[in-house]
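*Asks:* One structure, as structure tokens, below. Some questions next.
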Amino acid sequence: MEHYKTLHVFQKYPNSGVFQLNLNRTSQRNALSRDFFTEFPIALQSLDQNPNASVIVLSGTGDHFCSGIDIKTLNSIANDSGDRGRSGERLRRDIKFLQDAITAIERCRKPVIAAIKGACIGGGIDIVTACDIRYCSEDAFFSVKEVDLGLTADLGTLQRLPGIVGFGNAMELALTGRRFSGQEAKEFGLVSQVFGSNEELDEGVKIIAEGIAAKSPLAVTGTKAVLLRSRESSLEQGLDYVATWNSSMLVSDDLMEAVSAHLQKRKPAFSKL
């Protein structure tokens with residue numbers, strides 16, 4: 001397994017196909033450093049290409065999920081000087097680099113499940129809104145914090161959050177920067193379930209992740225790909241895309257195995273992808 005400065009990657013449950021990807025800067029409450037933005041897409045690409053990985057659980061080491069972007073990272077971006085046009089062009093490239101690291105979650109074919117405890121602030125919201133499913137513990141709290149730092153959030157929250165919680169709720173959360181609880185996140189639809197403790201969160205997400213990992217990998221990756229494409233498409237375009245997708249993927253060993261297992265009243269066993 002690769003070694004990273006800001007991440008910890010491991011197979012949490014042997015032979016399950018579930019891999020854990022943890023933000024790992026505990027002393028900084030998992031604030032997002034420059035190294036994180038370099039390492040995160042590399043780690044996701046590695047898991048994407050790992051045939052033993054079927055589902056990725058994304059969490060934070062320690063008491064918090066993520067306290068946002070590291071102030072040192074912000075300072076390094078803000079302190080560029082020189083010709084205004086050229087410094088602006090460099091800044092745009094830099095922002096696109098940071099954005100690309102977050103979008104790597106959507107590029108990853110495998111489902112990414114966010115398991116959120118403690119703080120999920122600023123850049124943490126950017127990350128979880130790019131994840132496929134989100135769960136949290138009762139002690140989790142959230143804030144779209146950028147407005148309080150004199151910033152317009154630019155790593156994906158303003159683009160992804162409205163589709164998850166609704167335009168009006170996203171506007172209110174982004175303009176006020178207010179802190180909201182795990183229970184309120186559930187009411188908004190930002191998380192699918194709130195667990196009573198961190199232990200219950202870990203156990204609940206384990207059961208869900210293992211359940212997904214046991215399904216046909218072709219069906220799971222296809223479902224993620226089609227849903228993400230349909231988000232940006234009209235109904236007609238989305239239907240056309242899934243028809244084209246299934247014309248090449250539908251007739252597979254996975255389909256035959258699923259039907260056989262159902263008829264024989266046994267659990268299916270699918271080949272790795």
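*Asks:* Give the residues of region 61-98 that are acidic (Asp, Glu) and modelled with pLDDT under 95, sorted by residue number.
*Replies:* Answer for region 61-98, where residues must be acidic (Asp, Glu) and modelled with pLDDT under 95: Asp70, Asp80, Asp83, Glu89, Asp94.
*Asks:* Of everything in region 203-252, what is in contact with a Leu (Cβ under 7 Å, 6 or more places away or on another chain), modelled with pLDDT under 95 and of a type outside the set (A, V, I, L, M, F, W, C)? Give them in sequence order.
*Replies:* Of everything in region 203-252, just one residue is in contact with a Leu (Cβ under 7 Å, 6 or more places away or on another chain), modelled with pLDDT under 95 and of a type outside the set (A, V, I, L, M, F, W, C), namely Ser252.
*Asks:* Sticking with this one: Consider Lys145 carefully, then state whether it is modelled with pLDDT of 95 or more, buried (at least 21 other Cβ atoms within 10 Å of the Cβ), basic (Lys, Arg) and in contact with a Phe, Trp or Tyr (Cβ under 8 Å, 6 or more places away or on another chain).
*Replies:* Spelling it out, it is not the case that Lys145 is modelled with pLDDT of 95 or more, buried (at least 21 other Cβ atoms within 10 Å of the Cβ), basic (Lys, Arg) and in contact with a Phe, Trp or Tyr (Cβ under 8 Å, 6 or more places away or on another chain).
*Asks:* Pick from Ser181, Ser192: which is surrounded by fewer than 20 Cβ atoms within 10 Å (Cβ to Cβ), more than 17 Å from the chain's Cα centre (by Cα) and polar (S, T, N, Q)?
*Replies:* Ser181
*Asks:* So, one more: Would it be correct to say that Gly124 is at positive phi and in contact with a Phe, Trp or Tyr (Cβ under 9 Å, 6 or more places away or on another chain)?
*Replies:* In short, no.
*Asks:* Let me ask something else. Find the helices (runs of 4 or more DSSP H) located wholly in region 216-273 whose residues include 1 or more that are basic (Lys, Arg), surrounded by fewer than 16 Cβ atoms within 10 Å (Cβ to Cβ) and touching a helix residue (DSSP H, G or I) at 6+ places or on another chain (Cβ under 7 Å), and list them.
*Replies:* 217-231
*Asks:* Return yes when Arg29 is farther than 22 Å from Ser271 by Cα, in contact with a His (Cβ under 6 Å, 6 or more places away or on another chain), surrounded by 14 or more Cβ atoms within 10 Å (Cβ to Cβ) and in contact (Cβ under 8 Å) with a residue 40 or more places away in the chain and no when it is not.
*Replies:* yes
*Asks:* Show the residue pairs that are 6+ apart or on different chains and have beta-carbon atoms under 6 Å apart, the first residue being within region 167-195 and touching a residue at least 60 places away in the same chain (Cβ under 8 Å), the second being of a type in the set (D, E, K, R).
*Replies:* Between residues of region 167-195 that are touching a residue at least 60 places away in the same chain (Cβ under 8 Å) and residues that are of a type in the set (D, E, K, R), the close pairs are Gly182/Glu138; Val191/Arg134.
*Asks:* Quick one: which helices (runs of 4 or more DSSP H) sit completely within region 36-142 and have at least 2 residues that are buried (at least 21 other Cβ atoms within 10 Å of the Cβ)?
*Replies:* 84-107, 123-130
The values are calculated or read from the model by the stated rules, or taken from the named source; none is laboratory data. A quick note: this is a predicted structure, and the numbers were derived from the prediction, not measured. No Cβ is skipped: glycine too gets one built from the backbone with ideal geometry, and neighbour counts run over all protein chains shown.
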